[in-house]
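All remarks here apply to the structure that follows.
The values are calculated or read from the model by the stated rules, or taken from the named source; none is laboratory data. Note that the structure is a prediction, hence the values are computed from the model and not measured. Don't worry about glycine lacking a Cβ; one is built from the backbone with ideal geometry, like all the others, and counts go over all protein chains shown. For accessibility, only protein heavy atoms count, side chains too; no ligands or nucleic acids. Shrake-Rupley method; radii C 1.70, N 1.55, O 1.52, S 1.80 Å.
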Amino acid sequence: MVRPNASPAGRPAVRLTVVRLAAVLAAVVVLVLTGCGAVPPASDVRPAAELSGDFFTHDPALVKGGNGEPWFIYSTGNGQVADGNIQVRRSDDGVNWEYAGEVWQEKPAWLKEAVPGVDNLWAPELYQHDGVWYLYYSASTFGKNLSVIALATNTTLDPADPAYKWVDRGQVISSKGERFNAIDPGIAEDTDGTPWMSFGSFWNGLQVVQLEWPGGLRADAAEPMVIADRQEPPNAIEAPCILPHDGAYYLFFSRDFCCQGLKSTYNIAVGRADSIAGPYVDADGKALLDGGGTPVLGTAGNRVGPGGQSISGGTLAYHYYAKDLDGAFRLGLLDLEWKDGWPSVSQD
């Protein structure tokens, strides 16, 4: 995803960048942003600089393996590959990554009518419930909030598994005619086991809406509620990810401007609430509805504009623009640390 010029919808025009370290050259750079899933913890993660293979992901949805199980990352698609469908990468150790294919070879036909001009699919989220994997993803176009969050289900994440088959479950929510933008889904459950989806980008900020199991779709009559807003144009906030931790709920989000290569100002911030629907405040007590947010990760060293985050097993996955790759995007992985009720990561 590349956003050379910010728009109210927070989406860029497409630019392709080529890099591939594993074999020779070639990984294609595209558009867009991500979610937050809870998966059992696994082994420690090496610093992002030590990752190898094909780690060229944007908006990574991480599922952390362990006990001999592989790691997976699903990420934003490339319009020139497999009809722009969500991409899949796997790793046996969280360090060396390989490309494993795409969710589908053709997008569900109904998306083209729901979102005219849709190209690649954006910002996936993975969540497991009762033995089923739920894949939420965004369909949208640059500069518009005529967007849809859709759902597919599967019993496995591994394309090599004979049972691997993503089944289209249709629309979760559309922002046609709405003041919000229906992209960047993130899933979390409250203490009662009720699922909620956070989402949103620019426009009138971040939202949360109740879902229901086992369908994974929007609960009947459930209306989105605003949970974060910067209260000033262009309201550069997106990619919400709610993480339950120690009896509280932590809303991670990306803010400022993504997708401008080494000029990107993207960064990750967080707020906390006692209820999954808020109100969220930062470590200084400032409301996220009034522009609050405690910094988690920003530009430092080789890493420029980190964001589009997800969390699995205590590990924060994100994309950033690498100085040593001339501004191409790549995957970063860092372990979360907790102190006095607030998360942090190494800024090295």
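Quick notes on this structure:
- Of all the options Pro108, Pro214, Pro240, the one that moves most in a Gaussian network model of the chain with Cα springs shorter than 10 angstrom is Pro214.
- Global geometry of region 217-310, whether rounded, prolate or oblate, following the gyration tensor of its Cα atoms and the 1.5 cut on a/c: prolate
- For region 50-141, accessible area per residue (1.4 Å probe, heavy atoms of protein chains only), Å²: 33
- Lys, Arg +1 and Asp, Glu -1 on Cβ, resulting dipole of the chain about Cα centre, debye, nearest 20: 1100
- Rounded to whole numbers, the Karplus 3J(HN,Hα) couplings from phi for region 148-159 are 9, 9, 10, 9, 9, 10, 7, 9, 8, 9, 8, x Hz, using 6.51 cos²θ - 1.76 cosθ + 1.60 with θ = phi - 60°, and x at Gly and Pro.
- Rounded if a/c under 1.5, otherwise prolate or oblate - region 73-230, Cα gyration tensor axes: oblate
- Each 20 Å bin from 0 upward holds the following percent of the Cα-Cα pairs of the chain: 36, 61, 3.
- Taking 20 Å as the straight-line reach from the Cα of Lys263, the aspartates and glutamates in range (excluding those fewer than 8 positions away in the same chain) are Asp59, Glu238, Asp324, Asp326, Asp348.
- The chain, accessible surface, carbon-and-sulfur percent (1.4 angstrom probe): 49
- Comparing Asp326, Asp246, Asp119 in a Gaussian network model of the chain (Cα springs below 10 Å), the most mobile by mean-square fluctuation is Asp246.
- Placed amide H near Asn181: partners under 5 Å, 5+ positions off or other chain: Ser201, Asn204
- Calculated on the alpha-carbon coordinates, the convex hull of region 265-348 measures out at 104 cubic angstrom per residue.
- Cα gyration tensor shape for region 170-259, rounded if a/c is under 1.5, else prolate or oblate: oblate
- Gaussian network model of the chain, Cα within-10 Å springs - most flexible of Gly170, Gly327, Gly307: Gly170
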